[in-house]
Amino acid sequence: MDPKVRRSEWVIFAFLVYAPALGAILQLHAARLIVVNALLAAAYAGLIYRDSLRPSLALSVARDWLPLAFVLLAYREMGWFAVPHTAHPLEARWVAWDRSLLRAGARTAIESMGAVVPSVLEICYSVVYAIAPFAVAVLYLYRARDRVDRFLFIFTVAVLLCYAQFPFWPSDPPRVLFPSQDPPFDTVFRRFNLWMLGNYGIHTSVFPSAHVAGAFAAALGIRLALPRVRWVRRFLLAMAILIATATVYGRYHYAADVAAGFLVAATSFALGHWRSLQS
């Protein structure tokens, strides 16, 4: 693959600049963000420069996977922007919309077979972080490594654009603010997800849903990167729909978060499609 700076890497560098700048404006951990992101940018740039001088398969493969690791680091970093907030006007409006949706029949339909469908939804929610690595692995499987960056560009734009908005929409999930309203079916898979969120989640915002944006961006990105292999995009689209359903039913997100996450994914796909036409 071409050792020059890839499009997904430009997205990462943009985020590495954006986060400290936002921290300085909001006066939140600006010094820490500057130091950490400067070190990350220098290390990443050094790797790219090394690959440009003496291209190697090992470095090229590493660059295929590093954006996925960076997305996780960026998620943790956005946790530094969490600020206490006692008023919840956004959540109060969003939960009213959810209540109308769930009590109109959605919850009854999901629980019509007992724990079966709720368990499936919780499993899908728990594997959301494996979707993008799966898509990259499929591109390898179908000998389409040259299209990995095409996929990663759409995925990283979608997820990092969600993260970039978190500080502007401080909010808490419905399971925290409204625990007694429309509680989902309790399963061992839900308890696992709650444990994961309790130990590794952040408390900055839930809007837009990066889970939903990432899942739909993966489905749309693989459609652009691997158009002839239909089963992959159909599988990822089904997973994205199940994840979106799980986020609302499980009270991890509001329906408004899901709608916004989908719009972010659609925007990233449109941008990726436009960029592919220019190349």
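Summary table below
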quantity	calculated
Residue that is modelled with the highest pLDDT, among those in the stretch 176-216 that are among the charged types (D, E, K, R) and in contact with a helix residue (DSSP H, G or I) (Cβ under 8 Å, 6 or more places away or on another chain)	Arg190
Residue check for Val5: among the β-branched types (Val, Ile, Thr) and at pLDDT below 95	yes
Residues satisfying the stated conditions in the stretch 247-273, i.e. under 22 Å from Val117 (Cα atoms) and over 15 Å from the mean Cα position of the chain (by Cα)	Val248, Tyr249, Gly250, Arg251, Tyr254, Ala255
Criterion: surrounded by 17 or more Cβ atoms within 10 Å (Cβ to Cβ) and in contact with a Gly (Cβ under 8 Å, 6 or more places away or on another chain) - qualifying residue of Arg190, Arg223	Arg190
Filter result for the condition that a residue is among the small types (Gly, Ala, Ser), touching a residue at least 12 places away in the same chain (Cβ under 8 Å), touching a helix residue (DSSP H, G or I) at 6+ places or on another chain (Cβ under 9 Å) and surrounded by 19 or more Cβ atoms within 10 Å (Cβ to Cβ), over Ala164, Ala158, Ala144	Ala158
Close pairs from the stretch 250-279: first at positive phi, partner assigned to a helix (DSSP H, G or I), Cβ under 6 Å, at least 6 apart	Arg251/Pro174; Arg251/Arg175
Hey, Tyr129 without any contact (Cβ under 8 Å) to a residue 60 or more places away in the chain, part of a helix (DSSP H, G or I) and of a type in the set (Ser, Thr, Tyr) or not	yes
Set Glu91, Glu111: member being in contact with a helix residue (DSSP H, G or I) (Cβ under 9 Å, 6 or more places away or on another chain) and closer than 16 Å to Thr245 by Cβ	Glu111
Failed item in (1) within 21 Å of the chain's Cα centre (by Cα); (2) within 30 Å of Pro167 (Cα to Cα), with Ala62 passing the rest	(2)
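Conditions tested, residue by residue: (1) crowded, with 18+ Cβ neighbours inside 10 Å; (2) under 25 Å from the mean Cα position of the chain (by Cα).
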{"residue": "Thr86", "(1), (2)": "no, no"}
{"residue": "Pro89", "(1), (2)": "no, yes"}
{"residue": "Trp94", "(1), (2)": "yes, yes"}
{"residue": "Trp97", "(1), (2)": "no, yes"}
{"residue": "Leu102", "(1), (2)": "yes, yes"}
{"residue": "Ile110", "(1), (2)": "yes, yes"}
{"residue": "Ala115", "(1), (2)": "no, no"}
{"residue": "Tyr125", "(1), (2)": "yes, yes"}
{"residue": "Val128", "(1), (2)": "yes, yes"}
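The values are calculated or read from the model by the stated rules, or taken from the named source; none is laboratory data. Note that the coordinates shown come from a computational prediction; the quantities given were computed from them, not determined experimentally. Cβ coordinates were reconstructed from backbone atoms using ideal geometry, including for glycine residues, and neighbour counts include every protein chain displayed.
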